[in-house]
Amino acid sequence: MDAYTMGYANTHTGVPGRIMRPWHPGFLARFPWLGLGALLGSTLGVILSVIILIISDGAPISGWRFQPTVYLSIASTATNIMLHFALTEGARVAWWRQAMKGKNKLGDLHRYWDFANNLWAATTSGRYFNLIAMACIFTAIAPINGPLLQRASTVKEASSASEPITVKLAVATSLPDGFSGYLSGRSYVVSAYTQNFTPVVQDYYNQRENRMNDTGCVGKCSATVKGVGFAVNCSSSEEPYKLSPTYAENGTYDATLDPALMNGSEVFTSYFSWTSGKPNNITLGIRYKDKADCDGRLMINECSLTLATVKYPVVIDGNRSTITLKPNTSILDDEVDGGYGNDTFVTRQGDTTTLGGIYLALDNKFNSSAHLRFGGAIGYEFRTKGATAVQYIDTDGSFNLGGCDIMFGDPTNDILASARELMFRTAIAAATTNSSIQAQSVPALQIATRAVYASHYHFLAIATLLTAIAVLLVLVTFHGYWHLGRRTTMSPLETAKAFNAPLLRDADSNAEVEVLVKELGPYDVRYGAVVCGPEGEVSATAAKEFSQTTTTLLASDVPHQMRLELNNQALTQVPRKGWRFSG
């Protein structure tokens, strides 16, 4: 027997003494430990993601070495890896179960394999769409759980319970002499701000935040601090006005009968006043027409603002190093802790004033007026000066520039609040610019704001739903595994043996793939052209002759048939361009 014949014969010789393995189905015998274990791992990955989001929700970021998103990413990655592995194992079981069914078609076997390994084939399966295709699609979609879980955890600020602490606040309880302005002329008119007070006015006009460092507050703190401020005393009165014309008995209007009407009335005024004779006092005057009537009474408010030490309710933001007056409080909430007589501050030191600059800043902002008079045939003439009058016009839906129905709201409380704010800013600036003023240690209630993780469970729900659907679909692919009689794979050797390939014909048909590899693995094989004899069987003699004479010949030029197959290396030829093969 020649070498070719011996090489071919060896592939068909069974292993002497081999024990033929029995068909051994059963629930436990064929239990797919790896596949179902991977599905269990995927489920645990989802559960772990839920636990991470629940535990991290509201937890401070300082308590986590790595962000929850890192752990969520690891969990989702592991979930998806195990899910894909489980699909591979489940598709293998489904393929062999399909192969065991009656009325089976080869096309069905191909599609079961193709849909499990090719997303494009699964999505374009059309009328052949089946469980394997659906499992493949949802397993491919499942990795979207990664970005969803990443979005499910963010950072936000949260407040803790209040706790008592002591804070240090640099606020002056009195103003240095001559702190705010310069005087000019024989009547001591305030003409300019001092160098220390100019930044205070600029910040006040531009509504910049009050900065205060090293207070000892972490988060937000509420406290009451002493500072220079105003003791306020207000009084109210009324004054008549007449804006309607007086007509003669014959029904005509004669301006000479009503000269006051032609001159008109100041229907709104707001102003501050200060004199060197009362250096520690500022007066606020308000006058306004509060009804649409042409004749009536003007409302008059007059407030005396006297320098005093008051207790300010304040809020400190330790994260931003700012201090503000407590919201929803007014100048009436500032408890007066001590006042000053006229001798407390010198009227002027050289040509400076302690309180005059504050008066000037307030009057420059709020000095305003509105004048209304009857103009005869043209109706009523309305003129304003300054921003406050226009700001507080209350039209009541009937505003008419030609009439006398113009009325105003009361600006007193708003102007007093603004004066209070300026005085508080001044108290802080006085302490900042004077190193001899020590910071006050005052008790406070601290509500610490800190960065915490926030979980968004709707993203978790979507990610969990997609993963759960994929897990359930893959789980169904394992249905019927207990009918298999051995552990199966999709190895080419095992499938070729199932199709009774001649090369593997003498191997145990119920052997697991490891046995096939052990018994047949040493044999040399090659995929190529083999020569068939007259009866269609592979002929070693013909193959030898053919290999010696086909250097330049085509397959159709020799008296042999050829086909492509995987066979003994000694019996195969490398296909050449132009060769044709039989079935």
When you check SER187 against the structure, is it at pLDDT below 90 and surrounded by fewer than 21 Cβ atoms within 10 Å (Cβ to Cβ), yes or no? yes
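Suppose we filter GLU239, GLU266 for residues that are at pLDDT 90 or above, surrounded by 15 or more Cβ atoms within 10 Å (Cβ to Cβ) and more than 30 Å from VAL336 (Cα to Cα); which single one remains? Talk me through it step by step, then tell me what you get.
Working: GLU239 fails: surrounded by 15 or more Cβ atoms within 10 Å (Cβ to Cβ).
The conditions single out GLU266.
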Just name the residue that is modelled with the lowest pLDDT out of those in region 81-123 that are more than 21 Å from ARG30 (Cα to Cα) and among the β-branched types (Val, Ile, Thr). THR123
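One residue is enough: does region 462-473 have a residue meeting the conditions in a loop (DSSP other than H, G, I, E, B), crowded, with 16+ Cβ neighbours inside 10 Å and either basic (Lys, Arg) or touching a residue at least 12 places away in the same chain (Cβ under 8 Å) (or both)?
Just the residues of region 462-473 that are in a loop (DSSP other than H, G, I, E, B), to begin with: none.
Checking region 462-473: not a single residue is in a loop (DSSP other than H, G, I, E, B), crowded, with 16+ Cβ neighbours inside 10 Å and either basic (Lys, Arg) or touching a residue at least 12 places away in the same chain (Cβ under 8 Å) (or both).
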Residue pairs, Cβ under 8 Å, 6 or more apart or interchain, first in region 321-332 and without any contact (Cβ under 8 Å) to a residue 60 or more places away in the chain, second surrounded by fewer than 17 Cβ atoms within 10 Å (Cβ to Cβ) and not in a loop (DSSP other than H, G, I, E, B). List them. THR329/PRO313
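Taking region 427-461 as the region of interest, how many residues are part of a loop (DSSP other than H, G, I, E, B) and under 26 Å from ALA158 (Cβ atoms)? Step through it out loud before you land on a result.
Within region 427-461, the subset part of a loop (DSSP other than H, G, I, E, B) is 434-439, 448, 456.
Checking which are under 26 Å from ALA158 (Cβ atoms) leaves us with 448, 456.
Residues flagged as part of a loop (DSSP other than H, G, I, E, B) and under 26 Å from ALA158 (Cβ atoms) within region 427-461 amount to 2.
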Filter region 381-394 for residues that are in contact (Cβ under 8 Å) with a residue 60 or more places away in the chain and more than 15 Å from LYS289 (Cα to Cα); the one that is surrounded by the most Cβ atoms within 10 Å (Cβ to Cβ) is GLY386
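Taking only region 61-109 into account, find how many residues are basic (Lys, Arg) and either touching a Lys or Arg at 6+ places or on another chain (Cβ under 7 Å) or surrounded by 15 or more Cβ atoms within 10 Å (Cβ to Cβ) (or both). Spell out how you get there, then give the answer.
So in region 61-109, the residues basic (Lys, Arg) come out as 65, 92, 97, 101, 103, 105.
Okay, now just the ones that are also either touching a Lys or Arg at 6+ places or on another chain (Cβ under 7 Å) or surrounded by 15 or more Cβ atoms within 10 Å (Cβ to Cβ) (or both), so 92, 97.
Of the residues in that region, 2 qualify.
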Residue check, LEU493 against (1) surrounded by 17 or more Cβ atoms within 10 Å (Cβ to Cβ); (2) part of a strand (DSSP E or B); (3) modelled with pLDDT under 85; (4) not charged (D, E, K, R), all met but one. Which one? (2)
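Would you point out which residue out of PHE382, PHE399 is modelled with pLDDT under 95, part of a loop (DSSP other than H, G, I, E, B) and at negative phi? Before you say what the answer is, go through the steps one by one.
Numbers: PHE382 fails: part of a loop (DSSP other than H, G, I, E, B).
Step by step, each of PHE382, PHE399 is checked, and only PHE399 is modelled with pLDDT under 95, part of a loop (DSSP other than H, G, I, E, B) and at negative phi.
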How many residues does region 181-196 contain that are closer than 20 Å to ARG420 by Cα and out of contact with any strand residue (DSSP E or B) (no Cβ under 7 Å at 6 or more places or on another chain)? 1
Select from region 403-448 the residues that are in contact with a helix residue (DSSP H, G or I) (Cβ under 6 Å, 6 or more places away or on another chain) and of a type in the set (A, V, I, L, M) and write down the one among them that is nearest to LYS242 (Cα to Cα). ILE415
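So is VAL171 of a type in the set (Val, Ile, Thr), touching a helix residue (DSSP H, G or I) at 6+ places or on another chain (Cβ under 7 Å) and surrounded by fewer than 16 Cβ atoms within 10 Å (Cβ to Cβ) or not? Don't jump to the end; show me each part of the working.
Values: of a type in the set (Val, Ile, Thr): yes; touching a helix residue (DSSP H, G or I) at 6+ places or on another chain (Cβ under 7 Å): yes; surrounded by fewer than 16 Cβ atoms within 10 Å (Cβ to Cβ): no.
No; evaluated as a whole, the condition is false for this residue.
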In region 185-241, the residues that are in contact with a Lys or Arg (Cβ under 8 Å, 6 or more places away or on another chain) and either over 22 Å from LEU175 (Cβ atoms) or in a loop (DSSP other than H, G, I, E, B) (or both): TYR188, GLU209, ASN210, ASP214, THR215, GLY216, GLY219, SER222, GLU238, GLU239, PRO240, TYR241
Can you pull out the residues in region 474-486 that are in a helix (DSSP H, G or I) and surrounded by fewer than 19 Cβ atoms within 10 Å (Cβ to Cβ)? LEU475, VAL476, TRP482, HIS483
Given (1) surrounded by 19 or more Cβ atoms within 10 Å (Cβ to Cβ); (2) out of contact with any Asp or Glu (no Cβ under 6 Å at 6 or more places or on another chain), where does SER455 come up short, assuming only one miss? (2)
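Determine which member of the set ALA38, ALA29, ALA75 is in contact with a helix residue (DSSP H, G or I) (Cβ under 9 Å, 6 or more places away or on another chain), more than 17 Å from THR464 (Cα to Cα) and not basic (Lys, Arg).
Within the list ALA38, ALA29, ALA75, the selection yields ALA29.
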Kindly check whether there is at least one residue in region 367-378 that is on the phi < 0 side of the Ramachandran plot, surrounded by fewer than 20 Cβ atoms within 10 Å (Cβ to Cβ), in a helix (DSSP H, G or I) and at pLDDT below 90. yes
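The values are calculated or read from the model by the stated rules, or taken from the named source; none is laboratory data. Here the structure is a predicted model, which is why all the values come from computation and not from measurement. Note that each Cβ is placed from the backbone with ideal geometry, even for glycine, and that neighbours are counted across all protein chains shown.
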